[in-house]
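Quick notes on the structure that follows.
Quick note: the coordinates plus some simple rules give every number you see, no bench work behind them. None of these values were measured; they are calculated from a predicted model. No Cβ is skipped: glycine too gets one built from the backbone with ideal geometry, and neighbour counts run over all protein chains shown.
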Amino acid sequence: MKKSLLETPSMDQEGLNPLYKFSALALLAYADKYPSMKVQKTTSTLKQSINLFETLAYKAMSKTECLPFDELIVKRMLKRKHYYYGAYLAVVSSLPILSKVMDDKAIVDPIIAKTSEISSIKALDNLNDEYHGVERALKTMEIQRQAFLNRNFQLPKAETPLSKAENSIYALAALTCRILSSHVDFNSTMYKVFQADLDRYFKGQMDSMLQKVNGKAKVDIKEFLMNINEKGVGNVWIDVDFCFLEAFHILEEGEYRAMANIRKAIDLIFKGCNVYDDIADFKVDMAHNIWNSVVYLALDKGYCDEDDLIQPAGNLANTLERLGAFNEAMQLGDLIFLKGVEKLEEAKEYTKVIDVDALKFNAYLLRLFAIRKWLIEAKSPLRLLKILRPTVSDQILSYNRYIV
């Protein structure tokens, strides 16, 4: 049964504890060795970006058609940790790409555009999961797509708290569009790439939702891997940076080749992280009758059959843990992740502008973020070392040819 928005949870501070903040600062200090990521510049850019994002989000949601920013947080439609982490990851990915062509003040714009983009996407996912059936969820995604792409986007009329919450989320998407339009030619090469990737992302999300309402898709792990691209958010994330790079710098052919490799790398790295998320979310997904990559892999490896999937999620998780299915799923994520890292290495051959080594470091940073739950739960130093270092067995390596 879907929730009512009249329920009022406490103010969200989840994920913003001192340990996370200290870890983030420690990693930034380690990244100081990369030319584009000097710690003083990185930390000041992060602080400035978060403050400005909050200011702009408050303003964007101040219209009568919207739920105010604070209320959106209280209702947990948008969690503070999402835009804090979004800003953090935006900073460490934008600086390596743009620090040579944009000054410290200007570079905040693409960072806020990315923070707003990922916050809007995550918030709408939360809202649709908690409050909407499939038909309404599909409608909200189409409106959000228009907000991302249409410079003349107008918020729908809203009278209920839920419809106003939807509008607040659309307002974040419109903020991304507004920032892009202030700097980027919408007829440019990279903006057209961004537009195509955004359309592909929404089609993948909608197709996935329709599969759920029509029954589970009868696919195996091979088909799952070959079609996982369409709903990944990696490209629409990094495309924002490339739109700004093209707007602020005359690019040679080699730079476009580098960007193509980096786009593929980020796509694969995000997809690998999605597999890590599937491990962490396994019990929740199964409780909602959702099959994810862990299930497809376990079926393919013979650790269970479809009849086994009707048992309580906790029992199934214990069985798969004992059989090693979760470790192999981690390795599958590592296989996809490492293919992305290989693409970053290829990109280094073509660019003199982008700090690819810093992007590579940040890929491992993103991986740490994605597996943080496993790191916290690690019971032995040996398991901790295995988790920290990407590892792929020969059995999992056989899936390599299905990753596109």
- Summing +1 for each Lys or Arg and -1 for each Asp or Glu, what net charge is found among the other residues whose Cβ lies under 14 Å from the Cβ of A57? +3
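Can you list the DSSP H helices in the chain whose Cα atoms extend at least 27 Å along the helix axis and whose mean Kyte-Doolittle hydropathy is 0.5 or higher?
For the chain, where a helix must reach 27 Å along its axis and average at least 0.5, the hits are 161-181.
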- So the pair-distance distribution of the chain, from every Cα-Cα distance in 20 Å bins, comes to percents of 26, 60, 14
- Task: Using only the Cα atoms of region 250-404, each taken as one equal point scatterer with no solvent, compute I(q) by the Debye sum, divide by I(0), and report log10 of the ratio at q = 0.11, 0.14, 0.17, 0.20 Å⁻¹.
- Result: -0.48, -0.73, -0.97, -1.22
- Task: Take peptides 316-326, 236-246 and line them up by average Cβ neighbours within 10 Å, highest first, as a rough protection proxy.
- Result: 236-246, 316-326
- Message: Out of the GluC sites (Glu not before Pro) in region 72-176, which ones are loop residues according to DSSP with at most 14 other C-beta atoms within 10 Å?
- Response: E159
- Message: What does the extension gain come out to for K81 and E377, with contour length at 0.36 nm per residue minus their alpha carbon separation?
- Response: 104.5 nm
